[in-house]
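To keep things clear, I will list the structure first and then write my remarks on it.
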Amino acid sequence: MGENTDPVLLKRFRSGDVRALARAISLIERRDESVRELEQALRPDAKTPGVAGFTGAPGTGKSTLVDAVVSLLRKKQSSVAVLATDPNSPFSGGAILGDRIRMQRHALDPKVFIRSMGARGHLGGLSLASREAIRLLGAFGFDEVILETVGVGQSELEVAAVADTTVVVLTPNLGDSVQMIKAGILEIADIFVVNKADLDGYTRVMAELRAMLSLAPKAEWKPPILATVASRQEGVEQLWEAVLAHRRHLEKSGQAQALSEQRLRDETGEVAAELARRRARQALEDDPELARRLLADRTPYRTAEEILDRKR
Ligand SMILES: Nc1nc2c(ncn2[C@@H]2O[C@H](COP(=O)(O)OP(=O)(O)O)[C@@H](O)[C@H]2O)c(=O)[nH]1
Ligand SMILES: [Mg+2]
């Protein structure tokens, strides 16, 4: 293990110590080199959890909805990990306060793991970090992983790049639908949820969505539009049924396999880029002559090749 790694981390991880899991995820957030060893040690027997991502504007009720889904999954005896991801925040090292309070009733349940994750300034960003985390969660034994975006901006796309099924959460509040088009969310949604269906106007939002989807090009999977009242746990079973239906669709159509292969390829490319970047930085630091030549000749391309060609 790398110098920052607790030498017994792997052992504790394997024995099911949840603190070891939390520590391992912190290492991922920091992109610590020791993650590689952890990954190699875990891979052979690691299972793949189902991954559902929840995205939507702040305040639409994602955390409340995720909390209700967690309760449902626990009734079904599934273990579940929730990763709240915020691409704009630095390392977070724990659940975000509000979400921790909201999901408190699961706090003592060992089959529920709730954790937030940031990855500001990291190459590959949050998608890379959360994929690695999902592998660890699978190896730890979790059946389901739920991603919730906390940030705004790129976070929707980050979630879609990682989740098997992307759930876009809207509310009857004015403005949601406009924002949705702007963010290009139509393309990434596998399921639409109009939450807060106890408020006026939800039928209008659903009709708007339906109209919009009817203009979309024909696809094998037609995203369903569901209504929920997350605060009263209404519509949550139907929502989870839709997630499972989408999962079956991915399996049957062969997309699940194709997607997982493509993502591993992409991920490898991203990790390779990061490792190469580190090597280049280190080489220029360690080799003043190389750095001098680079500055004199102004040949970053050739210098990079030279560095990568070097024996290590
Ligand atoms: N009226 C109503 N309020 C809800 C519903 N679901 C969540 N809320 C409230 O909406 C607010 C934001 O919820 P939260 O889950 O934190 O949203 P997030 O920012 O998307 O995670 C909270 O005050 C919730 O209690 C719902 O179905 N109906
Ligand atoms: Mg939230």
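Quick check, is residue 247 at pLDDT 95 or above and more than 30 Å from residue 52 (Cβ to Cβ)?
no
Of all residues being among the polar types (S, T, N, Q) and modelled with pLDDT of 85 or more in region 150-196, which is nearest to ligand 1 (Cβ to nearest atom)? Just the residue, please.
My answer is 195.
Being closer than 21 Å to residue 54 by Cβ and modelled with pLDDT of 95 or more is true for just one of 285, 237. Which residue is that?
237
I'd like the residue in region 230-239 that is touching a helix residue (DSSP H, G or I) at 6+ places or on another chain (Cβ under 6 Å) and surrounded by fewer than 19 Cβ atoms within 10 Å (Cβ to Cβ) and, out of all such residues, is nearest to residue 190 (Cα to Cα).
Checking each candidate, the answer is 233.
Tell me which residues, restricted to region 11-44, are more than 24 Å from residue 116 (Cβ to Cβ) and at pLDDT 85 or above.
11, 14, 15
Somewhere in region 87-97, is a residue under 22 Å from residue 185 (Cα atoms), modelled with pLDDT of 80 or more and either among the aliphatic types (A, V, I, L, M) or assigned by TED's automatic domain parsing to the domain that holds residue 224 (or both)?
no
List the number of the failed condition for residue 83; all other conditions in (1) within 27 Å of residue 275 (Cα to Cα); (2) away from ligand 2 (no atom under 15 Å from the Cβ); (3) aliphatic (A, V, I, L, M) hold.
(2)
Every residue, every condition in (1) in the same structural domain as residue 115 (by TED's automatic domain parsing); (2) surrounded by 15 or more Cβ atoms within 10 Å (Cβ to Cβ); (3) within 14 Å of residue 239 (Cβ to Cβ), yes or no:
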{"residue": "39", "(1), (2), (3)": "no, yes, no"}
{"residue": "52", "(1), (2), (3)": "yes, yes, yes"}
{"residue": "60", "(1), (2), (3)": "yes, yes, yes"}
{"residue": "63", "(1), (2), (3)": "yes, yes, no"}
{"residue": "68", "(1), (2), (3)": "yes, yes, yes"}
{"residue": "73", "(1), (2), (3)": "yes, yes, yes"}
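Could we say that residue 277 is open to solvent by 90 Å² or more (accessible area, probe 1.4 Å), assigned by TED's automatic domain parsing to the domain that holds residue 71 and among the basic types (Lys, Arg) here?
no
For a quick check of your reading of the model, give me the residue pairs whose first member lies in region 251-266 and is at pLDDT below 95, whose second is of a type in the set (Val, Ile, Thr), with beta-carbon atoms closer than 9 Å and at least 6 apart or on different chains.
260/48; 263/162
The values are calculated or read from the model by the stated rules, or taken from the named source; none is laboratory data. What you see is a predicted model; the values in this text were computed from it and never measured. Every residue, glycine as well, gets a Cβ built from its backbone with ideal geometry; the counts of neighbours run over all protein chains shown. Surface accessibility is based on the protein's heavy atoms, side chains included, excluding ligands, DNA and RNA. Shrake-Rupley method; radii C 1.70, N 1.55, O 1.52, S 1.80 Å.
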